[in-house]
Amino acid sequence: MSLQTDDSGGSGMSASSDGLGDWFYPLYDRLFDEDSEFVSDVETKLAQARMTDTVELYLSRALGIGFISGLSLWLIGLLLGYGIFAIGLLSNEALIGIPVGHGLLLDIIEMIRVPAVVFVTGLLFGSIGFAVGFGSMVAIPYSRASARKREINMLLTDSVSFMYALSVGGLNQLEIIEAMAQADDTYGEVANEFQSIVKETEYFDIDYRTAIRKQALETPSDDLSQFLTDMLSIVNSGGDMESFLQDKKEKHMRTAKQEQELTLETLELFGEMYMTLSLFPLLLIIIMVVMKMIPDATVTDNMLYMVVYGLIPMIGVGFIVLVSTVKHDDPGDGYLSMGNTDQRTETGQGDGLLSLGLVEQFTGEHSVFDRIKNREGTYETMEVLRNPHFFFRDHPLVTLAITVPLTLVIVVTAVVNGAAPLSWAELLDRPIWGTFLYIYLPLYITAIPLAIFREWNVRHRNSVVNKLSEDLRKLSSSNDTGLTLLESLKAVSDTTNGKLAREFEMMHTKVNYGMSLKEAFIEFNNKYHIPRLARTTRLITEAQEASNQISDVLRTAATASENHDDIERERKSRTRMQIVIIIMTFMTVLAVIAILKTQFIDTMAGLNAGGSGAETGGSGAGGGGATSGANLSENIDVDMLSVLFFHAVTLQAIISGFICGYIRDADLLSGLKYAIGLSSIALIGWVLVA
C-alpha cells in the first residue's frame, strides 16, 4: 500500500475508536476470511479514498459501531414490543386467523404469544440498527472514492495539458511528475495522486517506474489509471514523452466534449421529468378539490396541506439532488500560493477587512504588531465605509449580516403592532398581506441585495477571462518574436482593450518596481480567484521559471482555454432551453390554478350563496335546484383553498427559480434572480386574481 494521507480528515479516528476496533477484531476474524472478496474490495476503496486505516481495523470498528447501534435499537424494539401490549394497542386476543381448536396447542400459543411479539420486534429493530451502523461505516470509503474519482476525471484534461506544456517548456519526466505533485492548489486530487508517486520514491526508496505502476492500480479513476499505464510504457521504452502528452491532451479534450454532451443530454431528460413531476401536485389538488364536493368524501384538509407544504417542496429538493449527481461544477477555489518560496509573499484569501493579511501572523509577539493590526483594521474599516458597494461586491454573503436583522426587526415590529396575522384564521382573513409579510418581504429584503452583489461579483471576476484565449494567443505571438514574457505582457496591454489587458499592464508595472513575475501573476490570479484562470496561471508561472521563451506553452494554454470556451458556450446554449421549459411549466401551473380559483371555486361559492338565498326566500323548482347546487359546494372552504392555491404557486415559483440557477451555473445562489422574478409574477398574478 502506497504512502497516503487522509485529506478529508475522516480516517484519523480517536483512541477510543481504535480500541473499539481492537475489541471487535476477534469477531471480524471469525466472520471474514482472508481471501474474502468483500474485504478485498473494501481495502481497495480505502486506498482509493486515501484513508490510512488497515482493512482489518476498519471493518472491526464498523462491526463495533454496528453492534452498538444494533444493541441500542434492540432495546428500543423490546420496549416498543412490550409497550404494544401494555398500553393496549394490541390485545391478547388471537393474533392469527388460523383456527387451532382447544387443548395443549392453544395453551402453548397463548403462553408464547406476547414474548414472541416482543422478541420479534426487538430482533427486527436490532437488525436494522446493526445494518445501519455497519453499512454506514462501510459506505464511507466508497463515497469518498467516488467523490475523488469524479474530481479526477473533471480535472484530468487540464492536468494533461499542464504536463504537456511543461514538457514543451523543456522539463524532463521526473520534473513533470514533481511539478504536477506540487500543483495541488490547482489540480486537486490529480495532484494528490502524483504526490503519492513522489512520496513513494522519496521515503521508500522505490524507483519511480514501480511507483507509477502501483499508483495506476490504486487510483479510483479508470481514465487516470489508463494514462499512468500508458505513461509507464513510454518511460520504459524511452519514447517521446512530449508527443505522448500531446496525443493524450487532444484525446482528453475530445473526451471532455463528449462527457459534456452526455451531461447536457441527461439534463434535458431531467428537465422533461421535472415538467411532468411538477404538474403532479397540481393534478392532485384539482382531484382533491373535486372530491371534497362529494358528500361523505374521504378527502380532508390535511391532505391538501400535505400536497402544498410537503409534496411541492419535496419534488423540488429531490430534483436539485438529482441534478447534482450529473451537473459538473468547477473544482477548486481558484486561489494559488507561492509554493516553497517565502511565505511573506503569499497573497491570502479574503484580504481586506475580513482578513488583515500578514500582520495577523505576528500579533501577540510584540506590541508594535498589535498596534499595526489596530491601525490596519481602522484603515480597512474606513475604506469599507467610503465604498461599501465594492466591499459587498467582493463579499456578497456579508449582505445577510445587514438584511437578516433588518427583516427580523420589520416582522417583529409588525407582530407587536398587531399588523401581522398570528393565527391561521387571521391569515385566511388577510391572505395576501400575511403571505407578503412572512414570505415575500423577507425574500425581497434578503435576496435582492444578495442577488445583485453576487451577480456583480461573478461578472466582475468573469470579465477577466472573456478574452483570455485571444490574449494568450497574442502573448504567444509576441513571445515568438523574441520578446521576454514580461515584455510580451507590455506589448499586449498596449495593443489590446479589456480588463485582462489592464491587468497585464499592472503586472508589468509591479515587476518594474521589484516584484517577481511569478508573484505578480499569483496576486493577479488571487484577485479574481477563478479555478479556470488559476490553472492557466499555474501553467505559465511554472513554465516561465524555466525559460522566457514559452510561446509553445502559451499556445497550449490558449488551446485549453478555447476548449473550455467551446464547452461553456454549448452548456449555456443547451441549459437555456431547460430554463425556458421550467419557467413555462411554472407559468402553466400559475395559469391553471388561477383559472381553477376564478372559474370554478368562486363560481361554486356564488352557487352556494344563491342556494342559501333560494332556501330562505324562494320556493318551487328554481329553489330546489339551487339547494341541490349548495349541497355540492357546502364542503368547500373558499378562503382556505384560496390561501393554499396562493402558497402553492409561491412555493413553485421559489423552487423553480433555484432549480433554474442550479442547472445554469451549478450554484444555488445563481437561482436567486430567477426566484425573485418568478415569485413576483406569482404575487402580481394572484393580486389580480384575488
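The values are calculated or read from the model by the stated rules, or taken from the named source; none is laboratory data. Bear in mind the structure is a predicted one, so any value in this text is a computation, not a measurement. FYI the Cβ positions are ideal-geometry reconstructions off the backbone, even for glycines, and counts take in every protein chain you see.
For the stretch 265-300, which residues satisfy the criterion of being hydrophobic (A, V, I, L, M, F, W, C), part of a helix (DSSP H, G or I) and over 15 Å from Ile659 (Cα atoms)? First the steps, then the outcome.
Taking the stretch 265-300 as the starting set, the residues that turn out to be hydrophobic (A, V, I, L, M, F, W, C) are 267, 269-270, 273, 275, 277, 279-280, 282-291, 293-294, 297, 299.
If we keep only those that are part of a helix (DSSP H, G or I) too, we end up with 267, 269-270, 273, 275, 277, 279-280, 282-291.
Of everything in the stretch 265-300, those that are hydrophobic (A, V, I, L, M, F, W, C), part of a helix (DSSP H, G or I) and over 15 Å from Ile659 (Cα atoms) turn out to be Leu279, Phe280, Leu282, Leu283, Leu284, Ile285, Ile286, Ile287, Met288, Val289, Val290, Met291.
Determine which member of the set Arg502, Arg454, Arg461, Arg473 is charged (D, E, K, R), at pLDDT below 90, under 22 Å from Arg532 (Cβ atoms) and in a helix (DSSP H, G or I). Reasoning before the result, please.
On the way: Arg502 fails: at pLDDT below 90; Arg454 fails: at pLDDT below 90; Arg473 fails: at pLDDT below 90.
The unique qualifying residue is Arg461.
Just a yes or no: is a residue in the stretch 440-451 in a helix (DSSP H, G or I), among the β-branched types (Val, Ile, Thr) and within 30 Å of Asp637 (Cβ to Cβ)? Looking for residues that are in a helix (DSSP H, G or I), among the β-branched types (Val, Ile, Thr) and within 30 Å of Asp637 (Cβ to Cβ), one finds none in the stretch 440-451, hence no. Being of a type in the set (Lys, Arg), touching a residue at least 12 places away in the same chain (Cβ under 8 Å) and part of a helix (DSSP H, G or I) is a property that Lys199 has.
Going by what's in this entry, would Ser551 be described as outside the structural domain of Ile530 (by the TED database) and either closer than 30 Å to Asn479 by Cα or modelled with pLDDT of 85 or more (or both)?
Details: outside the structural domain of Ile530 (by the TED database): no; either closer than 30 Å to Asn479 by Cα or modelled with pLDDT of 85 or more (or both): yes.
In short, no.
Exactly one residue out of Val649, Val689 is modelled with pLDDT of 80 or more, at negative phi, over 35 Å from the mean Cα position of the chain (by Cα) and not hydroxyl-bearing (Ser, Thr, Tyr): that is Val689.
Taking the conditions exactly as written (over 22 Å from the mean Cα position of the chain (by Cα) and in contact (Cβ under 8 Å) with a residue 40 or more places away in the chain), does Ile530 satisfy them or not? Explain how you work it out, then say what you get.
Details: over 22 Å from the mean Cα position of the chain (by Cα): no; in contact (Cβ under 8 Å) with a residue 40 or more places away in the chain: yes.
No, not satisfied.
A single member of Gly70, Gly66 is over 11 Å from Val138 (Cα atoms), outside the structural domain of Val190 (by the TED database), in a helix (DSSP H, G or I) and of a type outside the set (S, T, N, Q), and it is Gly70. Residues that are assigned to a loop (DSSP other than H, G, I, E, B), surrounded by 18 or more Cβ atoms within 10 Å (Cβ to Cβ) and in contact (Cβ under 8 Å) with a residue 40 or more places away in the chain occur at least once in the stretch 221-230.
Take the conditions in a helix (DSSP H, G or I) and under 30 Å from Ile663 (Cβ atoms) and apply them to Ser493. Does it pass? Judged against the criteria, Ser493 is not a match. For the stretch 553-570, the candidate set comprises residues that are within 25 Å of the chain's Cα centre (by Cα) and surrounded by fewer than 21 Cβ atoms within 10 Å (Cβ to Cβ); within that set, the residue that is farthest from Lys467 (Cα to Cα) is Glu570.
Quick one: which residue in Glu542, Glu562 is part of a helix (DSSP H, G or I), over 21 Å from Lys490 (Cβ atoms) and modelled with pLDDT under 85?
Testing whether each residue is part of a helix (DSSP H, G or I), over 21 Å from Lys490 (Cβ atoms) and modelled with pLDDT under 85 leaves just Glu542.
Give me the pairs, please: first residue somewhere in the stretch 417-433 and closer than 18 Å to Phe645 by Cα, second residue anywhere and of a type in the set (Gly, Ala, Ser), beta-carbon distance under 8 Å, and either six or more positions apart or on two chains. Once the first residue is closer than 18 Å to Phe645 by Cα and sits in the stretch 417-433, its partners that are of a type in the set (Gly, Ala, Ser) give Glu426/Gly434; Leu427/Gly434; Pro431/Ser642; Pro431/Ala690; Ile432/Ala690.
Given the structure, is Ser167 touching a Lys or Arg at 6+ places or on another chain (Cβ under 7 Å), crowded, with 23+ Cβ neighbours inside 10 Å and not assigned by the TED database to the domain that holds Ala560? Spell out how you get there, then give the answer.
Details: touching a Lys or Arg at 6+ places or on another chain (Cβ under 7 Å): no; crowded, with 23+ Cβ neighbours inside 10 Å: yes; not assigned by the TED database to the domain that holds Ala560: yes.
Answer is no for this residue.
The residues of the stretch 463-499 that are closer than 16 Å to Leu539 by Cβ and not acidic (Asp, Glu), listed by number, are Val465, Leu468, Ser469, Leu472, Arg473, Leu475, Ser476, Asn479, Leu485, Ser488, Leu489. Pairs are defined by a Cβ separation below 6 Å, a sequence spacing of at least 6 or placement on different chains, a first member in the stretch 154-169 that is outside any helix (DSSP H, G or I), and a second member that is surrounded by 24 or more Cβ atoms within 10 Å (Cβ to Cβ); the pairs so defined are Gly169/Ala543; Gly169/Ile550; Gly169/Val553. Would you mind stating whether Thr435 is of a type in the set (S, T, N, Q), within 20 Å of Ile676 (Cα to Cα) and modelled with pLDDT of 90 or more? Considered against the rule, which asks whether it is of a type in the set (S, T, N, Q), within 20 Å of Ile676 (Cα to Cα) and modelled with pLDDT of 90 or more, Thr435 comes out as yes.
Quick test for you: out of Thr263, Thr219, pick the one residue that is assigned by the TED database to the domain that holds Thr575 and within 29 Å of the chain's Cα centre (by Cα).
The conditions single out Thr263.
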